[in-house]
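**Q** Input: one structure, supplied below.
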Amino acid sequence: MEHLALDALAAFILLNAVIGMVTYVTLLERKFAARMQSRIGPYRVGPHGLLQPIADALKLMMKEDIVPRAADRWVYNLAPIVFLIPCVLIFATIPFAPRLGLADLNIGVLFFLAVSSLEIVGLFMGGWGSNNKYALLSAMRAVNQIISYDLPFVFAALIPVVLAGSLQMSAIVAAQQGLWFVAYPVIGQLGFVAFLVATLAAENRVPFDILEAESELVAGFRVEYSGMKFAIIQLGEYAHMIASSFLGALLFLGGWLGPGSDIPAIGVLWFLLKAMLVFLVVTWVRWSFVRIRVDQILAVSWKLLLPATLGLLLVTAFWVALRGGAGA
Amino acid sequence: MADSESRKVIELGYGGNERLVMNMGPQHPSAHGVFRAILTLEGETVVAVDAVIGYLHRCHEKLGEMLTYVQYPTIASKTDYVAAMTAELAYVTAVEKVASFEVPKRAQYLRVIVAELQRIASHCLWLGTWCLDMGGALGGGATVFLYCIRERELILDLFESLTGARLLYGFHQVGGTRYDIPPGWAQTCRETIALIEQRLDEYEAMLEDNAFFLVRTQGVGVISATLAQEVGVSGPLARGSGIDFDLRRAEPYSSYQDFDFKVPVETAGDCYARYRVRMVEFRESIKIVRQALDGLPEGPISSRPGVKSVGQVRVPKGEGYARVEGARGEIGFYIVADGGPKPYRMKVRGASFSNLAILPHIIPGCKVADVVAIMGSVDPVFGEVDR
């Protein structure tokens, strides 16, 4: 019983940490984008705009919640929650430092990949339930895109798994004790780039954000959402993105490894630093590319990324076999 | 062109026969004003488009009959509010032609300077909004947009110190210009265009080295030279389709024959060709401004006295048409004068209006995302379309 209470407490802390992180990551992104565009960014609310995310959240909470008359009420109202749950659930398997995580499953990577692709259900529900043509078109695109990009995403994520010989996150980090996987000649770099591209696509970020596509579809599947429901969708999206950044840091950048990482606090710092680095790369790409078209997106996935990641995975597997076993 | 072809509908081999009719506009993030395109979709492919205009109609031609020759130039700038200088210029040129008024050489050069600066400013806004259409308000497009707006601001600052206004200027008057350049303005202007010239290289590097930009623009929205001539598009659209025609060279007005500049022509006819034409036009405009500043003659800026009353310009009975090369193409004014202080009748030929007519010919068969890319590359200003 005591054990259960402790677990619940840990989950509560993690959930709130995720929400706090998401709100402040939006500020980071806005500041970063502003610098790229020779602007200052949020500056008025609090010192250097530090209270801006809180103001945003308050604003969204106070907005009127509108349900379109033609919407399928059940599906429409349920969609944000269904969307949010997998996005937050994936944090459960992420270890922030040795033994500092909710559940270091022995199939951690598999769990992450499986659950994160569940977000499409909520997304499609939102697009369908809104009964809006823009939203419907966007939901169709989302299904297309996520089906196409999950495979390369999985293959790219499997490269470190093969190198480490384990699906457990902490074991993968431990296997990078000598050399981070991103530093492995050729395989590591190509794998990391493929992982980043697949992440961008799986998270629907620019240049693959065809389902949001505000210049064509206004806001895509969430065009009819307002107030707190909109905030929940936004929260889910950013949570998913941060989780993927964490995964990138764990799989390729050696997780919490770094000078002084024997002390858990410093390990966590290293880990957050690396994850934010991945996040900023994603943001950098976002603010410098134009969006590509839906047919081109599918072509990139099936004709380029899928064979490339599959080939890379095979090469990695051969190499590991030649080396005579996985591990550090 | 036959009537049946004016609205092209293509048939696709699509399993089901459910078609989705989707409204794009009049309230839409990439409508560039108030434009409504009724798209018929089969999946992601557009099979037909109905273009609806008229949401911004303000009776400009009637206004032209009601206002005097002194008053109307400031209103003419409200037709194409993104390139107000050239719209004014077209009106006063038409009046001067009908009335046979002389324009002093200095005024002609000043007109060329502001018209070319206006072209740069207008193309800046076009490049920014076009990238915004393709890359989204929350993506790389916004970055290009903000860079372009930054450069456009510099030119608006120049106009502000020249006329006191930033959007609608009232710089031209019948017989010349209303203002002369203030001291130090020429130097500021040189510095500004030098800076913009340098930044143009950055845009080209950012866009042309970007594979995503290329796949979105190359081969999209191809206008053949024949189609361009049949529909009557002008400006960068026509030049992007291989039609070597520029009014500044074909029918020089306001001393354009004194300047040395190239007219860019691309033959591909796609969005990328139109982009290239405009990028070269940026540089040619900068060249023209430099030449005009170098050769700016001394003398009066107007052959007519300064404005004292609204009825002071009277045009003898007669009629005539004058056209200038605006940022978007040919802007023409037809004026029928009856001897009084107001024209009897006025007709405006808006460049965007004629250019927009190309949409139903090139959009069917494209994807939804191409619609906004094509719309952006046509660069319509709805003040000029609806007038």
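The values are calculated or read from the model by the stated rules, or taken from the named source; none is laboratory data. Note that the structure is predicted; figures quoted are calculated from it, not measured. Here Cβ is always computed from backbone atoms with ideal geometry, including for glycine, and neighbour counts include all displayed protein chains.
**Q** Residues in region A:30-38: is at least one without any contact (Cβ under 8 Å) to a residue 60 or more places away in the chain, buried (at least 16 other Cβ atoms within 10 Å of the Cβ), within 14 Å of another protein chain (Cβ to nearest Cβ) and over 19 Å from the mean Cα position of the chain (by Cα)?
**A** Yes, region A:30-38 contains a residue that is without any contact (Cβ under 8 Å) to a residue 60 or more places away in the chain, buried (at least 16 other Cβ atoms within 10 Å of the Cβ), within 14 Å of another protein chain (Cβ to nearest Cβ) and over 19 Å from the mean Cα position of the chain (by Cα).
**Q** Right, another one. Considering only residues of region B:19-45 that are among the small types (Gly, Ala, Ser) and touching a helix residue (DSSP H, G or I) at 6+ places or on another chain (Cβ under 6 Å), which is nearest to A:Val143 (Cα to Cα)?
**A** First pass over region B:19-45, keeping only residues among the small types (Gly, Ala, Ser): B:25, B:30-31, B:33, B:37, B:43.
The next check asks that each one be touching a helix residue (DSSP H, G or I) at 6+ places or on another chain (Cβ under 6 Å); those that pass are B:30, B:33.
Numbers: B:Ser30: 25, B:Gly33: 32 Å.
Ranking the candidates gives B:Ser30 first.
**Q** Does A:Ala33 count as part of a helix (DSSP H, G or I), in the same structural domain as A:Asp7 (by TED's automatic domain parsing) and among the small types (Gly, Ala, Ser)?
**A** It is true that A:Ala33 is part of a helix (DSSP H, G or I), in the same structural domain as A:Asp7 (by TED's automatic domain parsing) and among the small types (Gly, Ala, Ser).
**Q** What number of residues in region B:334-344 are surrounded by fewer than 21 Cβ atoms within 10 Å (Cβ to Cβ) and either of a type in the set (Phe, Trp, Tyr) or modelled with pLDDT of 90 or more (or both)?
**A** Residues in region B:334-344 being surrounded by fewer than 21 Cβ atoms within 10 Å (Cβ to Cβ) and either of a type in the set (Phe, Trp, Tyr) or modelled with pLDDT of 90 or more (or both): 3 in total.
**Q** Identify the residue in region B:223-250 that is farther than 13 Å from B:Leu356 by Cα and of a type in the set (Val, Ile, Thr) and, among all such residues, is surrounded by the most Cβ atoms within 10 Å (Cβ to Cβ).
**A** So, considering only residues that are farther than 13 Å from B:Leu356 by Cα and of a type in the set (Val, Ile, Thr), the one surrounded by the most Cβ atoms within 10 Å (Cβ to Cβ) is B:Ile243.
**Q** So which residues in region A:100-125 are of a type in the set (D, E, K, R) and closer than 11 Å to A:Met169 by Cα?
**A** Result: A:Asp104, single match.
**Q** Here's a check for you: in region B:24-51, which residue that is among the charged types (D, E, K, R) and more than 13 Å from every other protein chain (Cβ to nearest Cβ) is farthest from the chain's Cα centre (by Cα)?
**A** So, considering only residues that are among the charged types (D, E, K, R) and more than 13 Å from every other protein chain (Cβ to nearest Cβ), the one farthest from the chain's Cα centre (by Cα) is B:Asp50.
**Q** Turning to a different aspect of this structure: Here are A:Leu27, A:Leu105: which of them is outside the structural domain of A:Gln176 (by TED's automatic domain parsing) and either among the hydroxyl-bearing types (Ser, Thr, Tyr) or touching a helix residue (DSSP H, G or I) at 6+ places or on another chain (Cβ under 8 Å) (or both)?
**A** Matching residue, one of A:Leu27, A:Leu105: A:Leu27.
**Q** Of all residues in region B:275-303 being under 19 Å from B:Val112 (Cβ atoms) and in contact with a Gly (Cβ under 6 Å, 6 or more places away or on another chain), which is surrounded by the fewest Cβ atoms within 10 Å (Cβ to Cβ)?
**A** B:Ser303
**Q** Let me ask something else. Out of the strands (runs of 3 or more DSSP E) lying entirely within region B:1-84, which hold 3 or more residues that are at pLDDT 75 or above, of a type outside the set (A, V, I, L, M, F, W, C) and assigned by TED's automatic domain parsing to the domain that holds B:Arg349?
**A** none
**Q** Further question on the same structure: Going by the structure shown, is B:Ala337 in contact (Cβ under 8 Å) with a residue 24 or more places away in the chain and either touching a Gly at 6+ places or on another chain (Cβ under 7 Å) or closer than 20 Å to B:Phe171 by Cβ (or both)? Spell out the reasoning first.
**A** Details: in contact (Cβ under 8 Å) with a residue 24 or more places away in the chain: yes; either touching a Gly at 6+ places or on another chain (Cβ under 7 Å) or closer than 20 Å to B:Phe171 by Cβ (or both): yes.
When the stated conditions are applied, B:Ala337 passes them.
**Q** Scanning for something closer than 29 Å to A:Ile263 by Cβ and in contact (Cβ under 8 Å) with a residue 12 or more places away in the chain, does region A:110-132 turn up at least one residue? Break it down into steps so the answer makes sense when it comes.
**A** Initial filter on region A:110-132 (closer than 29 Å to A:Ile263 by Cβ): A:111-112.
Now restrict to residues that are in contact (Cβ under 8 Å) with a residue 12 or more places away in the chain: A:111-112.
Yes, region A:110-132 contains a residue that is closer than 29 Å to A:Ile263 by Cβ and in contact (Cβ under 8 Å) with a residue 12 or more places away in the chain.
**Q** Pick from A:Val182, A:Val154: which is assigned to a helix (DSSP H, G or I), modelled with pLDDT under 80, surrounded by fewer than 24 Cβ atoms within 10 Å (Cβ to Cβ) and aliphatic (A, V, I, L, M)?
**A** After ruling out the rest, the residue left standing is A:Val182.
**Q** Out of curiosity, is A:Val75 among the β-branched types (Val, Ile, Thr), under 30 Å from A:Leu151 (Cβ atoms), at pLDDT 90 or above and assigned to a helix (DSSP H, G or I)?
**A** Taking the combined requirement at face value, the residue does not satisfy it.
**Q** Answer yes or no as to whether B:Gly350 is surrounded by fewer than 24 Cβ atoms within 10 Å (Cβ to Cβ) and of a type in the set (Gly, Ala, Ser).
**A** Spelling it out, it is not the case that B:Gly350 is surrounded by fewer than 24 Cβ atoms within 10 Å (Cβ to Cβ) and of a type in the set (Gly, Ala, Ser).
**Q** A further question on this structure: Given the residues B:Ile181, B:Ile149, which is the only one that is of a type outside the set (D, E, K, R) and within 14 Å of chain A (Cβ to nearest Cβ)?
**A** Going through B:Ile181, B:Ile149 in turn, the sole match is B:Ile149.
**Q** Also, quick follow-up: Among the candidates B:Asp246, B:Asp258, single out the residue that is acidic (Asp, Glu), closer than 27 Å to B:Val103 by Cβ and in contact with a Lys or Arg (Cβ under 8 Å, 6 or more places away or on another chain). Please lay out each step first, then the result.
**A** Details: B:Asp258 fails: in contact with a Lys or Arg (Cβ under 8 Å, 6 or more places away or on another chain).
Step by step, each of B:Asp246, B:Asp258 is checked, and only B:Asp246 is acidic (Asp, Glu), closer than 27 Å to B:Val103 by Cβ and in contact with a Lys or Arg (Cβ under 8 Å, 6 or more places away or on another chain).
**Q** Would a scan of region A:61-71 turn up a residue that is part of a helix (DSSP H, G or I) and more than 30 Å from B:Tyr203 (Cα to Cα)?
**A** So far as region A:61-71 goes, yes, one or more of its residues are part of a helix (DSSP H, G or I) and more than 30 Å from B:Tyr203 (Cα to Cα).
**Q** May I ask you to list the residues in region A:281-306 that are more than 9 Å from chain B (Cβ to nearest Cβ), more than 20 Å from B:Asp209 (Cα to Cα) and buried (at least 16 other Cβ atoms within 10 Å of the Cβ)?
**A** Matches in region A:281-306: A:Leu298, A:Ser301, A:Leu305, A:Leu306.
**Q** Quick one: in region B:307-328, of everything that is part of a loop (DSSP other than H, G, I, E, B) and of a type in the set (Gly, Ala, Ser), which residue is surrounded by the fewest Cβ atoms within 10 Å (Cβ to Cβ)?
**A** For region B:307-328, the residue satisfying everything is B:Ser309.
So that you can scan it fast, the table gives a plain yes or no per residue for (1) assigned by TED's automatic domain parsing to the domain that holds B:Lys317; (2) assigned to a loop (DSSP other than H, G, I, E, B); (3) surrounded by 20 or more Cβ atoms within 10 Å (Cβ to Cβ):
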| residue | (1), (2), (3) |
| --- | --- |
| B:Glu88 | yes, no, yes |
| B:Val95 | yes, no, yes |
| B:Val103 | yes, yes, yes |
| B:Glu116 | yes, no, yes |
| B:Gly128 | yes, no, yes |
| B:Cys131 | yes, no, yes |
| B:Val144 | yes, no, yes |
| B:Ile155 | yes, no, yes |
| B:Ser161 | yes, no, no |
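**Q** Still on this structure, please answer the following. Does region B:168-180 contain at least one residue that is small (Gly, Ala, Ser), out of contact with any strand residue (DSSP E or B) (no Cβ under 7 Å at 6 or more places or on another chain), in the same structural domain as B:Gly135 (by TED's automatic domain parsing) and closer than 21 Å to B:Tyr275 by Cα?
**A** Within region B:168-180, the first condition is being small (Gly, Ala, Ser), and the residues that meet it are B:170, B:175-176.
Adding the requirement that they be out of contact with any strand residue (DSSP E or B) (no Cβ under 7 Å at 6 or more places or on another chain) leaves B:170.
Still in the list and also in the same structural domain as B:Gly135 (by TED's automatic domain parsing): B:170.
Keeping just the survivors that are closer than 21 Å to B:Tyr275 by Cα gives none.
So far as region B:168-180 goes, no, none of its residues is small (Gly, Ala, Ser), out of contact with any strand residue (DSSP E or B) (no Cβ under 7 Å at 6 or more places or on another chain), in the same structural domain as B:Gly135 (by TED's automatic domain parsing) and closer than 21 Å to B:Tyr275 by Cα.
**Q** Also, quick follow-up: Take region A:53-82 and flag every residue that is acidic (Asp, Glu) and loosely packed, with under 14 Cβ neighbours inside 10 Å.
**A** Matches in region A:53-82: A:Glu64, A:Asp65.
**Q** Further, regarding this structure: In region B:106-146, which residue that is farther than 21 Å from A:Pro207 by Cβ and of a type in the set (Phe, Trp, Tyr) is farthest from the other protein chains (Cβ to nearest Cβ)? I'd like the intermediate steps shown before the answer.
**A** We begin by selecting, within region B:106-146, every residue farther than 21 Å from A:Pro207 by Cβ; these are B:106-126.
Now narrow it down to the ones that are of a type in the set (Phe, Trp, Tyr): B:109, B:126.
Values: B:Tyr109: 34, B:Trp126: 15 Å.
The extreme case among them is B:Tyr109.
**Q** Of the residues that make up region A:80-89, is at least one of a type outside the set (A, V, I, L, M, F, W, C) and farther than 25 Å from B:Met22 by Cβ?
**A** Yes, region A:80-89 has at least one match.
**Q** I need the full set of residues from region B:361-379 which are closer than 13 Å to B:Met134 by Cα, in a helix (DSSP H, G or I) and of a type outside the set (S, T, N, Q), in order please.
**A** Filtering region B:361-379 for residues closer than 13 Å to B:Met134 by Cα gives B:367-377.
Okay, now just the ones that are also in a helix (DSSP H, G or I), so B:368-377.
Residues satisfying the conditions are B:Val368, B:Ala369, B:Asp370, B:Val371, B:Val372, B:Ala373, B:Ile374, B:Met375, B:Gly376.
**Q** For region B:341-377, enumerate the residues that are of a type outside the set (Ser, Thr, Tyr), more than 14 Å from chain A (Cβ to nearest Cβ) and within 21 Å of B:Glu325 (Cα to Cα).
**A** Hits for region B:341-377 are B:Met346, B:Lys347, B:Val348, B:Arg349, B:Gly350, B:Ala351, B:Phe353, B:Asn355, B:Leu356, B:Ala357, B:Ile358.
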